[in-house]
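Quick notes on the structure that follows.
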Amino acid sequence: MKDENRKFEFENDVELIEKFKSGDKKAFNIIVLKYQKMVYSIARRMLIFHDDADEVAQVVFIKLYRTINQFRGESKLSTYLYRITMNYCLNHLKKRNIEMGRKYNEEDTEPAYKKDNALTEIQRKEKEKFVRNAIENLPPQQRSVFILRFYENLTYDEISEILGTSIGGLKANYFHAIKNIKLFFEKNNYKDIF
């Protein structure tokens, strides 16, 4: 199977989509393999929890499978997937906030004693937890822009195409996200973040 997939590695997305539309189901598998890490990564940063991110990633590819015949190629496939992923993440956050409020439940982590340097690992996990809390406390639009800009390193033009928002609005959201994260750090007296 790996060797069969390798022959598609160098084909561009348009070729893969056309092959899938022509009945080649393996082409869709290659698309999933190519983009599953990106989709999961965005969902994980947006939703924090593995199970939520995994669920959204699955739904994104189901949606892509059902709608790929409607994909006109006006934007890159990666942009289309970013857009679908962000929409599902935002909907998931709204649903979670309605059902559970904004309560934070820490996810299961591997015990620190299994690591070589337990103290360093504990400090690293504490910093990660603190940053996750700061990002989780951002309003959904600010969180979306922050994650796409800071973690995914996308340009404002790319984010504008994904979220369907003006560049000026995106810059304002990113500015406010940074400001709110800094305020969260100050409010919680956490100065040793980096």
* Structure fact -> Simple spin-label estimate for Thr155/Phe185, 7 Å along Cα→Cβ, in nm, reads 2.8
* Asked: Counting Lys and Arg as +1 and Asp and Glu as -1, each charge on the Cβ, what is the dipole of the stretch 148-194 about the Cα centre in debye, to the nearest 20?
  -> 320
* **Listed peptides 58-66, 156-164 by packing density, highest first (mean Cβ within 10 Å)** => 156-164, 58-66
* What pairs from Lys95/Lys171; Lys25/Lys125; Lys19/Lys94 go past 31 Å between their alpha carbons? -> Lys25/Lys125; Lys19/Lys94
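Every number here is computed from the coordinates shown, using simple stated rules; none is lab data. Remember, it's a predicted structure, so these values are computed and weren't measured experimentally. Note: ideal-geometry Cβ built from the backbone for every residue, glycine included; neighbour counts use all protein chains shown.
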